[in-house]
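Following: one structure in structure tokens, then a few remarks.
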Amino acid sequence: MKYLSFCLVSVISFVLSSGSVKTDLPSSGYHPGETIPDIALTDLEGNWRNLHDYKGKKVVVSFWATYHAQSRANNVQLYNYLQNRDSDVEFVSVVFDENRNVVEKTLMLERLENMSQFYEISGTGSEIYKNFKLNERFRNYLIDENGVIIAMNITPEDLKTIL
């Protein structure tokens, strides 16, 4: 009986201690307080721009994909909020899709053609996708004038309180 009690207590202790600890931050990628790395961005016409070209301005960087409904909706909401507000915040949108036609049609449908839209033709194979750990989930970042991440996974409501 002592052996059975010992085994039972050991198993219960193991099970209780094996639970994961939840934190507000994802386990990888970049977080508020860190400087965002400079990344080379390509627009649909093949023109290059570096993220650090926006230094001196607040920037919302939105990573999304046409096939991911939540990231797509978040991208449109943030864009519309910033467009309808007299704001000094730049909006940079980076879409991760391998099908250029789908990207172009999505941008036209969502009326996003006239914005800072960048395209990662390698999709999930992109270095940006890997470095930002977007396989865990698409996210967006609010960057200050010095390139420091102020917040991530923001909504228009968050922008109302932060800005």
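The values are calculated or read from the model by the stated rules, or taken from the named source; none is laboratory data. Note that the structure is a prediction, hence the values are computed from the model and not measured. Reconstructed Cβ throughout: ideal geometry from the backbone, glycine too, with neighbour counts over all protein chains shown. Each accessible area value is taken on the protein alone, full model and side chains, heavy atoms only, with ligands, DNA and RNA left out. Shrake-Rupley method; radii C 1.70, N 1.55, O 1.52, S 1.80 Å.
With respect to residue 102, is the statement that it is within 22 Å of residue 40 (Cβ to Cβ) and out of contact with any Lys or Arg (no Cβ under 9 Å at 6 or more places or on another chain) true?
Working: within 22 Å of residue 40 (Cβ to Cβ): no; out of contact with any Lys or Arg (no Cβ under 9 Å at 6 or more places or on another chain): yes.
No: the conditions fail for residue 102.
Residue 56 - would you say it is of a type outside the set (D, E, K, R) and touching a residue at least 40 places away in the same chain (Cβ under 8 Å)?
Values: of a type outside the set (D, E, K, R): yes; touching a residue at least 40 places away in the same chain (Cβ under 8 Å): yes.
Yes; evaluated as a whole, the condition is true for this residue.
Across region 146-163, what is the total count of residues that are farther than 16 Å from residue 31 by Cα and part of a loop (DSSP other than H, G, I, E, B)? Steps first, please.
The first filter runs over region 146-163 and keeps only residues farther than 16 Å from residue 31 by Cα, leaving 155-163.
Narrowing the set further to residues that are part of a loop (DSSP other than H, G, I, E, B) leaves 155, 163.
So the answer is 2.
For region 29-68, what are the residues that are in a strand (DSSP E or B), among the aromatic types (Phe, Trp, Tyr) and either under 14 Å from the mean Cα position of the chain (by Cα) or more than 21 Å from residue 119 (Cβ to Cβ) (or both)? Reasoning before the result, please.
First pass over region 29-68, keeping only residues in a strand (DSSP E or B): 35, 40-42, 48-50, 58-64.
Going one step further and asking which of them are among the aromatic types (Phe, Trp, Tyr), we end up with 48, 63-64.
Correct list: 63, 64.
Out of contact with any strand residue (DSSP E or B) (no Cβ under 8 Å at 6 or more places or on another chain) and either assigned to a helix (DSSP H, G or I) or of a type in the set (Gly, Ala, Ser) (or both) - does that describe any residue in region 89-99? Give the derivation first.
Our first condition is that a residue be out of contact with any strand residue (DSSP E or B) (no Cβ under 8 Å at 6 or more places or on another chain); within region 89-99, this holds for 98-99.
From what's left, either assigned to a helix (DSSP H, G or I) or of a type in the set (Gly, Ala, Ser) (or both): none.
Checking region 89-99: not a single residue is out of contact with any strand residue (DSSP E or B) (no Cβ under 8 Å at 6 or more places or on another chain) and either assigned to a helix (DSSP H, G or I) or of a type in the set (Gly, Ala, Ser) (or both).
When you go through 126, 122 one by one, which is the residue that is in contact with a helix residue (DSSP H, G or I) (Cβ under 9 Å, 6 or more places away or on another chain) and modelled with pLDDT under 95? Lay out the reasoning, then the answer.
Values: 126 fails: in contact with a helix residue (DSSP H, G or I) (Cβ under 9 Å, 6 or more places away or on another chain).
Of the residues listed, the single one that is in contact with a helix residue (DSSP H, G or I) (Cβ under 9 Å, 6 or more places away or on another chain) and modelled with pLDDT under 95 is 122.
Would you pick out the residues in region 47-79 that are open to solvent by less than 40 Å² (accessible area, probe 1.4 Å) and acidic (Asp, Glu)?
Once the filter is applied, which keeps residues that are open to solvent by less than 40 Å² (accessible area, probe 1.4 Å) and acidic (Asp, Glu), region 47-79 yields nothing.
If residue 126 satisfies every condition in (1) more than 27 Å from residue 157 (Cβ to Cβ); (2) in contact with a Pro (Cβ under 9 Å, 6 or more places away or on another chain) but one, which is the exception?
(2)
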